[in-house]
Amino acid sequence: MPPSSAPLSICVYCGARHGAAPAYTAAARALGTAIGERGWQLVYGGGKVGLMGEVADATMAAGGRVVGVIPESLQALEVGHTGLDELHVVSTMHLRKQMMAERAHVFIALPGGIGTLEELYEVWTWRQLGYHDQPIGLLNVGGYYDHLLRFMAHTVDQGFLSAPQHGMLQVGDDPVDLLLKLVAQVPAAEAAEDYSRI
Ligand code: AMP
């Protein structure tokens with residue numbers, strides 16, 4: 001773990017539903033617990049539902065800070081988590097994703113639906129374009145992403161994705177191992193930057 005005077009910020013993308021397998025909830029809770037136990041900060045979409053609520057509650061229960069960023073449209077549906085250290089209500093989905101990204105040292109996608117996939121692919125595209133240099137991980141718990149991983153290999157085979165670009169996405173099946181692997185790649189100087197008050 002790099003030295004840090006400010007909490008290391010972990011941006012998590014995950015389902016607003018729990019999904020079919022209990023392993024998805026267990027992984028979300030294990031990741032949140034690992035973040036909280038280390039005194040790190042979770043940055044996420046601000047929801048109280050599905051895996052989003054699980055990772056947020058587990059982080060706080062283990063002593064970590066949680067920052068949610070939610071668009072007005074979703075907040076109006078009362079799906080926003082009201083017990084967070086910070087909940088930012090922003091006007092658009094684009095502002096929300098930008099704010100989440102600005103505050104993160106690393107990104108991790110857990111099982112989820114189209115929202116999660118969209119967020120993962122966007123932050124991966126931004127890395128490919130050089131907009132940021134943060135580590136990105138995909139948690140393939142219970143083989144949930146097996147089909148997608150095969151498709152990604154297919155995009156490389158067919159010449160639409162380069163091997164180095166493919167390699168920017170780091171895949172693991174254990175939430176804590178993947179978290180620690182990604183955090184170990186954050187340069188110490190960057191980890192010391194205070195992203196808590198942007
Ligand atoms: P999905 O994977 O389709 O369930 O969408 C989850 C992702 O989209 C999360 O990472 C959130 O950023 C966003 N999202 C979708 N639904 C909600 C919701 N009800 N509350 C907050 N964020 C949501």
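From the list Arg17, Arg65, which residue is open to solvent by 10 Å² or more (accessible area, probe 1.4 Å), of a type in the set (Lys, Arg), in contact (Cβ under 8 Å) with a residue 12 or more places away in the chain and within 16 Å of the ligand (Cβ to nearest atom)?
Details: Arg65 fails: within 16 Å of the ligand (Cβ to nearest atom).
Being open to solvent by 10 Å² or more (accessible area, probe 1.4 Å), of a type in the set (Lys, Arg), in contact (Cβ under 8 Å) with a residue 12 or more places away in the chain and within 16 Å of the ligand (Cβ to nearest atom) holds for just one of Arg17, Arg65, which is Arg17.
Looking at Ala23, Ala27, which one is in contact (Cβ under 8 Å) with a residue 40 or more places away in the chain and open to solvent by 30 Å² or more (accessible area, probe 1.4 Å)? One residue alone meets the criteria, Ala23.
Yes/no matrix, rows are residues, columns are (1) over 16 Å from the mean Cα position of the chain (by Cα); (2) charged (D, E, K, R); (3) over 30 Å from Glu72 (Cα atoms):
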{"residue": "Val90", "(1), (2), (3)": "yes, no, no"}
{"residue": "Phe107", "(1), (2), (3)": "no, no, no"}
{"residue": "Glu118", "(1), (2), (3)": "no, yes, no"}
{"residue": "Trp124", "(1), (2), (3)": "no, no, no"}
{"residue": "Gln128", "(1), (2), (3)": "yes, no, no"}
{"residue": "Leu139", "(1), (2), (3)": "no, no, no"}
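Is it true that His105 is in contact (Cβ under 8 Å) with a residue 24 or more places away in the chain, more than 16 Å from the ligand (Cβ to nearest atom), under 21 Å from Val67 (Cβ atoms) and surrounded by fewer than 16 Cβ atoms within 10 Å (Cβ to Cβ)? Against the criterion (in contact (Cβ under 8 Å) with a residue 24 or more places away in the chain, more than 16 Å from the ligand (Cβ to nearest atom), under 21 Å from Val67 (Cβ atoms) and surrounded by fewer than 16 Cβ atoms within 10 Å (Cβ to Cβ)), His105 does not qualify.
Filter the stretch 141-165 for residues that are hydrophobic (A, V, I, L, M, F, W, C) and over 16 Å from the mean Cα position of the chain (by Cα) and give the result. Before you say what the answer is, go through the steps one by one.
Our first condition is that a residue be hydrophobic (A, V, I, L, M, F, W, C); within the stretch 141-165, this holds for 141, 148-149, 151-153, 156, 160-161, 163.
If the condition is that a residue be hydrophobic (A, V, I, L, M, F, W, C) and over 16 Å from the mean Cα position of the chain (by Cα), then Leu148, Leu149, Phe151, Met152, Ala153, Val156, Phe160, Leu161, Ala163 are the ones that fit.
I need the full set of residues from the stretch 109-125 which are over 16 Å from Val69 (Cβ atoms) and either in contact with a Pro (Cβ under 9 Å, 6 or more places away or on another chain) or open to solvent by 20 Å² or more (accessible area, probe 1.4 Å) (or both), in order please. Within the stretch 109-125, Leu110, Gly113, Ile114, Leu117, Tyr121, Thr125 qualify. With a requirement of 2 or more residues that are over 17 Å from Val176 (Cα atoms), the helices (runs of 4 or more DSSP H) lying completely within the stretch 1-107 that satisfy it span 50-61, 72-76, 93-102.
Could you tell me whether the stretch 181-193 includes any residue that is touching a Ser or Thr at 6+ places or on another chain (Cβ under 6 Å) and surrounded by 14 or more Cβ atoms within 10 Å (Cβ to Cβ)? There is at least one residue in the stretch 181-193 that is touching a Ser or Thr at 6+ places or on another chain (Cβ under 6 Å) and surrounded by 14 or more Cβ atoms within 10 Å (Cβ to Cβ). Selection within the stretch 68-88: residues that are over 16 Å from the mean Cα position of the chain (by Cα) and open to solvent by less than 20 Å² (accessible area, probe 1.4 Å). The member of this set that is nearest to Asp133 (Cα to Cα) is Pro71. Looking at the stretch 115-198, the helices (runs of 4 or more DSSP H) lying wholly inside it that each contain 1 or more residues that are modelled with pLDDT under 95 sit at 188-191.
The values are calculated or read from the model by the stated rules, or taken from the named source; none is laboratory data. Given the structure is predicted, the values throughout are model-derived calculations rather than measurements. Please note: Cβ atoms are built from the backbone with ideal geometry, for glycine as well, and neighbour counts cover all protein chains shown. Accessible surface is based on the protein model in full, side chains and every heavy atom, while ligands, DNA and RNA are left aside. Shrake-Rupley method; radii C 1.70, N 1.55, O 1.52, S 1.80 Å.
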